[in-house]
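Quick notes on the structure that follows.
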Amino acid sequence: TVGGEMATRHLLELGHPRVACISGPPGLSPSSQRRAGWVQALEVAGVERKENDLARGDFTARGGYLAMQTLLKRKPRPTAVFVCNDLMAFGALTAAREAGISVPEQLSVVGFDDIDLAAFSAPPLTTIAQPKLQIGTLAAELLLERVETNRSEGRRVILDPQLKVRGSTARYQPLKTGS
């Protein structure tokens, strides 16, 4: 929830009036948690969420591509999109480019996961980084602790994600009319 909220808050702080979400499949925990963070950030900011501000993908680049095509047909079109994983965000960037929409000038995009390719996409993807090394180290430590102490109950540890701002987000600039 924290990462989705952080991504959406970043877009709202950039002044975007309509922040859509490309979520993963229903029923998957990462998908529902990230989507819940998007909803939470909109509610805290007092921004009305419309049902058609949500499109679903399948955590693949193709799924993000198709979901972005759906969002771009909606009126009014979103000014920013939080995408629940980086692979779908790559597909979303491609769909925007094919539609003649410039990222980040006309549409800001934030992904989730900070996979290695995120820094090398065009434009480089703003994303939520999971502390992967810390997660792996902590998982090993907790497993060893459980084995050594013969403890049967689990321990819950929450590690904070981090926003990595790159080139796919920018301050919202309303279209100028009459020029």
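The values are calculated or read from the model by the stated rules, or taken from the named source; none is laboratory data. Note that this is a predicted model, so its numbers are computed, not measured. As a convention, Cβ positions derive from the backbone with ideal geometry for all residues, glycine included, and neighbour counts pool all protein chains shown. Heads up: the accessible areas ignore ligands, DNA and RNA and are worked out on the full protein's heavy atoms, side chains in. Shrake-Rupley method; radii C 1.70, N 1.55, O 1.52, S 1.80 Å.
Things worth noting here:
- Proximal aspartates and glutamates relative to residue 73, as straight alpha-carbon distance under 20 Å, when same-chain residues fewer than 8 apart are discounted: 48, 51, 53, 58, 98, 105
- Segment 1-62, accessible surface, carbon-and-sulfur percent (1.4 angstrom probe): 52 percent
- Check: segment 3-66 dipole with +1 on Lys, Arg Cβ and -1 on Asp, Glu Cβ, in debye: 160 debye
- Scaled radius of gyration (Cα, divided by 2.2 N^0.38 Å) that segment 66-133 gives: 1.07
- Contour minus Cα-Cα distance for residue 73 and residue 160 (0.36 nm per residue): 27.8 nm
- Computed from the C-beta positions of residue 40 and residue 101 and an R0 of 35 Å, the FRET efficiency is 0.80 to the nearest 0.05.
- Local charge for residue 23 was computed over the other residues whose Cβ lies under 9 Å away, with Lys and Arg +1 and Asp and Glu -1, and equals +3.
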